[in-house]
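Quick notes on the structure that follows.
The values are calculated or read from the model by the stated rules, or taken from the named source; none is laboratory data. Not measured: the values here are computed from a predicted model. Every residue, glycine among them, receives a Cβ derived from its backbone with ideal geometry; neighbour counts consider all protein chains shown. Heavy atoms of the whole protein, side chains included, go into the accessibility calculation; ligands, DNA and RNA do not. Shrake-Rupley method; radii C 1.70, N 1.55, O 1.52, S 1.80 Å.
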Amino acid sequence: MSKRNLALFAATMVSIIYGLTFTIAKDVMPSYILPFGFILLRVSGAVVLFWAVSFLGPKETIALADFPRIIAAAFFGVALNMLTFFKGLSLTSPISAAVIMVTTPIIVLILSSILMKEKMKKRKILGIILGLMGTVFLIVFGKSIGNASNAGLGNLLVFINAVSYACYLIIVKKLMDKYNAFTFVKWIYTFGFLMVLPFGWNEFFAIDWHQIPTDLYWKIGFVILFSTFFTYLLNLLSMRELKPTTVAVFIYLQPLFAAIIAVSLGKDHLNMVKIVAAILIFTGVYLVTQKKPSTDN
């Protein structure tokens with residue numbers, strides 16, 4: 001298998017793992033573990049794993065001036081990102097959450113135009129409007145089955161998570177250009193752990209481990225090991241061989257995998273609101289990411 005095909009396989013596996021995560025995490029929350037308690041469990045497990053493998057990487061020292069950027073990356077990429085996602089997922093459905101996450105590339109484009117003064121064409125502006133219309137439509141009108149206790153608030157929190165992750169992608173770019181990933185990711189998760197600790201402390205110690213079925217222990221382990229640790233490593237593998245724009249396209253597979261898994265397991269269902277929202281969002285993303293032979297890039 002060539003390096004490029006291996007990278008494409010890695011990027012596809014990341015989308016499948018995230019697609020599984022929407023349903024697997026939903027099985028655990030909020031019935032057995034409350035969202036913030038689950039976050040603390042997830043981040044603490046990731047901290048141990050990243051520090052353990054960091055010793056296998058190159059010996060680099062992070063400049064003191066780069067720590068504010070690392071702390072900002074920890075806030076947007078770990079604390080705010082995970083807290084809003086898991087809390088939102090506990091209130092809404094797997095499909096709705098996955099569809100909203102597709103807005104991340106659109107948000108990255110908006111932030112890039114504001115922070116990095118990148119010029120936007122009319123086509124991209126139309127795409128942004130359509131994508132955000134789909135998101136608002138899903139947040140306001142999206143309903144779900146099962147224990148989706150407050151789909152509107154849940155969808156809003158997942159959208160905040162998408163904005164937070166977009167900020168993280170922009171902030172972490174300079175770190176990735178300067179250091180090996182293993183050098184700084186352990187610090188991002190360490191600071192992230194300190195940030196989520198006050199929120200997750202009470203919910204973590206409220207967990208009744210004796211009442212959790214055995215199969216859910218495997219699902220908790222999946223979120224820590226695969227959804228957090230391995231996805232990061234697989235993303236590194238894919239980014240070495242593929243352009244960032246190519247890697248970004250794979251985020252669009254997440255709703256497909258999430259929908260197939262959730263519907264097949266009876267955890268969610270498709271309705272017109274979700275279908276219309278998905279069409280608007282995917283059309284918007286297509287217009288934003290499409291490149292033409294002309295100067296309109």
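The residues of segment 35-62 that are modelled with pLDDT under 90 and not in a helix (DSSP H, G or I), listed by number, are Phe55, Leu56, Gly57, Pro58, Lys59, Glu60, Thr61.
Taking Ile70 as the residue in question, decide whether it is in contact (Cβ under 8 Å) with a residue 40 or more places away in the chain, part of a helix (DSSP H, G or I), of a type outside the set (S, T, N, Q) and over 30 Å from Pro213 (Cα atoms). Yes.
Residue-level check: of (1) open to solvent by less than 20 Å² (accessible area, probe 1.4 Å); (2) touching a Gly at 6+ places or on another chain (Cβ under 7 Å), Phe36 misses just (1).
Tell me the residue from Ala98, Ala65 that is in a helix (DSSP H, G or I) and more than 18 Å from the chain's Cα centre (by Cα), please.
Ala65
Taking first residues from segment 193-213 that are farther than 16 Å from Val43 by Cα and partners that are open to solvent by 50 Å² or more (accessible area, probe 1.4 Å), the Cβ contacts under 6 Å between residues at least 6 apart in sequence or on separate chains come to Ile212/Tyr32. All of Ala11, Ala7 fail the test of being at pLDDT below 85 and in contact with a Lys or Arg (Cβ under 8 Å, 6 or more places away or on another chain), apart from Ala7.
Just for segment 68-86: of the residues that are more than 16 Å from Phe191 (Cα to Cα) and surrounded by 24 or more Cβ atoms within 10 Å (Cβ to Cβ), which one is farthest from the chain's Cα centre (by Cα)?
Among those that are more than 16 Å from Phe191 (Cα to Cα) and surrounded by 24 or more Cβ atoms within 10 Å (Cβ to Cβ), it is Phe86.
It is to be established whether one or more residues within segment 42-59 are farther than 16 Å from Tyr232 by Cβ and free of Cβ contacts under 8 Å to residues at least 40 places away in the same chain. Among the residues of segment 42-59, at least one is farther than 16 Å from Tyr232 by Cβ and free of Cβ contacts under 8 Å to residues at least 40 places away in the same chain, which makes the answer yes. Scanning segment 164-175 for residues that are touching a residue at least 12 places away in the same chain (Cβ under 8 Å) and either among the β-branched types (Val, Ile, Thr) or open to solvent by 50 Å² or more (accessible area, probe 1.4 Å) (or both) gives Tyr165, Leu169, Ile170, Ile171, Val172, Lys174. In the condition set (1) within 18 Å of the chain's Cα centre (by Cα); (2) modelled with pLDDT of 90 or more, Leu216 is compliant with all but (1). Based on this model, can you work out whether Leu91 counts as touching a helix residue (DSSP H, G or I) at 6+ places or on another chain (Cβ under 9 Å) and either modelled with pLDDT of 75 or more or open to solvent by 10 Å² or more (accessible area, probe 1.4 Å) (or both)? Criteria met by Leu91. Across segment 101-124, the qualifying residues are those that are of a type in the set (D, E, K, R) and part of a helix (DSSP H, G or I), and the one among them that is modelled with the lowest pLDDT is Lys124. Of all residues in segment 177-206, those being open to solvent by 40 Å² or more (accessible area, probe 1.4 Å) and under 29 Å from Ala63 (Cβ atoms) number 11. Within segment 9-19, the set of residues being open to solvent by less than 50 Å² (accessible area, probe 1.4 Å) and touching a Ser or Thr at 6+ places or on another chain (Cβ under 8 Å) comprises Ala10, Ala11, Val14, Ile17. Restricting attention to segment 125-147, the residues that are within 17 Å of Val102 (Cβ to Cβ) and either aliphatic (A, V, I, L, M) or modelled with pLDDT of 65 or more (or both) add up to 14.
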